[in-house]
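One structure is given here, and the rest of the page talks about it.
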Amino acid sequence: MSAYLVTLVILVSVAALVGLALNLQWGLAGLVNFGVSGFVALGAYGVAITAPHIGWLPAMIFSALLCAAISMALALLSIRLEENYLAIVTIGFGEIVRILLLNEGWLTGGALGIADIPRPFAAITPPGGGDGVILAFAIALVALVFVLLELLVRSPFGRVLRAVRDDATVASALGKPVLALRVRAFAVGGAVMGLAGALHAFYLTYIDPSQFTPIITAYAFMAVIAGGRGSNLGLLLGAGSIMALLEATRFLKDLVPSIDGAQLSALRLGMIGIGIVLLLILRPQGLVAEPRRRATEFFPNAKGEG
Amino acid sequence: MSGAFLEVSGLVKHYGGVAALDGCSLSLRKGEVTGLIGPNGAGKTTLLNALTGLAKPEAGTVSFMGADVTGLPAHRMAALGVVRSFQIVRELSSLTVFENLLLAPPHQIGERLLGAVISRRKWWAQEHVNAAKARTLLERVGLWKLADQSSAALSGGQKKLLEVARALLLEPRLLLLDEPGAGVSPPLREEIIRLVRELKAEGLSFGIVEHDMHLVGEVCDHVHVLAEGRTLVSGSFAEATSDPRVVEAYLGLAA
């Protein structure tokens, strides 16, 4: 059971990292990214291919930078067009990554994937203690990314991204370099998705293309919608509750013996869908509202009504 | 005319087959309030868009303070000190009134990716300076008590005032207002007229697109009448409105 719990925590951590990244790109900056699974796959393959040669930390940095660079290129290519084209381009990107991973066997192992990916701190891990180490590693990684993104969201950088999301024309009329801001937000998000992929690869130590389906993208959007666009805390709650729901409903089979596995898996997704619809009706702003800077933070004695 | 503040010459811009600007030439003087009036479809808003980088003119030149600024992107024009408001108010609805103002000041360290994370102390200090300015401006336009409200909750007139206050934080040299009186209740319209006069006395130059002739007559030193993408008549408000060509353009007597 404890192995299952570790799996659960890692699953939630990966989903949280992916969600945090999408929350920056789409939640805060309004940039739709339907190619999330492609970036995660790229991050995973990045560490899987390089880690045996250069070590896990340089490999992670490489993966993050690779994803950031590709995000920048995609953003520059498509943000210059009408805004919705980014959505189309990212769908295409996700497909391209999947097909490349399947077919460039010399590099990616094709459908067989890559096995024996070295884990972080493998050399100093006591035998049998692997789960504890990867667990701590995952939690530390999520915490680090969360703090960094929270600093960004609550800074003037976060505010100007919200302005760009609300009305890019107004933002540029106020002298804000809209294109550069969008490219940066997209690149940072891409880097974090790469880190999520790296964590995924380190935990499983074996990856193949079938692990990176578009459902990753769907879960990330669900987490952002449920948690509240723009709020990182809400995102953690959203990602956590969606993963918890997905996993908890596994045990429905024990309670209701009349449904079989296939029916159950369809039911589980349906329940998540109903949950999101209900949440949007009852609490359209998501679980946690976007953080705002109050005048009273600067003028504690002011009477400005809230 | 080389000493003109903002000089527009021979500006052309088509939308489909329609010439929104068709060789438009005019100039705005420093320290004055210049009105841009004309019937609907005369090209007033397109002119404003061309002056602020939101529309790229196909021909002609725009020069500001002696420098050629034709076709510069919007954020560069704003950096040069040409700042505008919009005809249909475009407040940033998920930002509070106060955040709308804090957003405006240029050169914010905290808006840079690294600056936001590394130089927290620096941008926090900047933020405090900007907050003090924002408060002064909000008190001036009477919106301070609404500082922490969502800007989407303001009335039409309050949003216009918010736009002006936000633009002022950019410390503009020239403020271009697109129909500041449209959809504004009469008391708030008087408030806007008072504000424009005060700011002019402080040395700010204005270009105002407006249909409300009372407002134009009250604040404008000089008026350009546009029709069919060209300047029809220029002069004082009284001269322009008594010109038979202007009456014709508005009422279409020639047709």
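The values are calculated or read from the model by the stated rules, or taken from the named source; none is laboratory data. All of these numbers come straight from a predicted model, not from anything done at the bench. Here the Cβ is made from the backbone with ideal geometry for all residues, glycine too, and neighbour counts use every protein chain on show. Quick note on the areas: whole protein, heavy atoms, side chains included, nothing else; ligands and nucleic acids left out. Shrake-Rupley method; radii C 1.70, N 1.55, O 1.52, S 1.80 Å.
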Seminar exercise, completed: Most fluctuating of B:Glu202, B:Glu58, B:Glu99 in the GNM of chain B (C-alpha, under 10 Å) is B:Glu202
Seminar exercise, completed: Averaged over the residues of A:290-301, the number of partner chain Cβ atoms within 10 Å of each residue's own Cβ comes to 5
Exercise. Helix-derived [θ] at 222 nm for chain B: sum -39500 (n - 2.57) over DSSP H runs of at least 4, divide by residue count, nearest 500?
Worked result: -11500 deg cm²/dmol
Seminar exercise, completed: Taking only the alpha-carbon atoms of the protein assembly as shown, the convex hull volume per residue, in cubic angstrom, is 198 Å³
For this session: Identify which of A:Gln211, A:Gln285, A:Gln263 has the largest mean-square fluctuation in a Gaussian network model of chain A, with springs joining Cα atoms closer than 10 Å.
Result: A:Gln263
Exercise. What is the spread of the Cα atoms of the stretch A:121-246 along each of their three principal axes, largest first, in whole Å?
Worked result: 60, 31, 27
Seminar exercise, completed: For the pair B:Tyr15 and A:Leu8, the simple spin-label estimate (label points 7 Å beyond Cα toward Cβ) gives in nm 5.8 nm
For this session: Give me the lysines in straight-line cross-link reach of B:Lys44: C-alpha distance below 17 Å, same-chain residues under 8 apart excluded.
Result: B:Lys13, B:Lys56
Exercise. Any idea of the accessible area per residue across the stretch A:177-306, 1.4 Å probe, to the nearest Å²?
Worked result: 45 Å²
Exercise. Semi-axes of the equivalent ellipsoid of the stretch A:245-304: what are they in whole Å, largest first, if each equals the square root of 5 times a C-alpha gyration tensor eigenvalue?
Worked result: 45, 11, 8
For this session: For A:Val256 paired with B:Ser119, estimate the spin-label separation in nm (one decimal), with each label point 7 Å from Cα along the Cα-to-Cβ line.
Result: 5.8 nm
For this session: Keeping every protein chain in place, order A:Ile117, A:Ile91 by accessible area at 1.4 Å, biggest value first, i.e. largest first.
Result: A:Ile91, A:Ile117
For this session: Considering the options A:Gly129, A:Leu107, A:Leu174, tell which one lies farthest towards the positive end of the dipole of the stretch A:2-213, charges being +1 on Lys and Arg and -1 on Asp and Glu at the Cβ, about the Cα centre.
Result: A:Leu174
Problem set entry | For chain B, diffusion coefficient by Stokes-Einstein and Kirkwood Rh (Cα), 37 °C, 0.692 mPa s, µm²/s | 172 µm²/s
For this session: Keeping every protein chain in place, order B:Lys30, B:Lys133 by accessible area at 1.4 Å, biggest value first, i.e. largest first.
Result: B:Lys30, B:Lys133
Exercise. Over the stretch A:2-213, with a single point scatterer placed on each C-alpha, what log10 of the ratio I(q)/I(0) does the Debye formula yield at q = 0.13 1/Å?
Worked result: -0.72
For this session: Please sort through the DSSP H helices of chain A and keep those with an alpha-carbon extent of at least 24 Å along the long axis and a Kyte-Doolittle average not below -0.5.
Result: A:2-22, A:36-54, A:56-79, A:85-103, A:130-153, A:178-204, A:261-282
Seminar exercise, completed: Evaluated at 4 °C and 1.567 mPa s, the Stokes-Einstein D of the stretch B:95-153 based on the Kirkwood radius over Cα pairs, in µm²/s, stands at 108 µm²/s
Exercise. Direction-averaged shadow area of the convex hull around the Cα atoms of the stretch A:15-65, nm²?
Worked result: 3.7 nm²
Problem set entry | Normalised alpha carbon radius of gyration of the stretch B:149-222 [divisor 2.2 N^0.38 Å] | 1.06
Exercise. Considering the Cα trace of the stretch A:181-306, what is its radius of gyration and what is Dmax, both in angstroms?
Worked result: 19.2, 64
Exercise. What is the set of long-range amide H partners of B:Arg230 at a cut-off below 5 Å, with H atoms built 1.01 Å from backbone N?
Worked result: B:Asp22
Exercise. For the residue pair A:Ala122 and A:Met271, what label-to-label distance in nm results when each label sits 7 Å from Cα along the Cα-to-beta-carbon direction?
Worked result: 3.7 nm
For this session: Rank A:Arg119, A:Arg293, A:Arg159 by mean-square fluctuation in a GNM of chain A with C-alpha springs under 10 angstrom and give only the top-ranked residue.
Result: A:Arg293
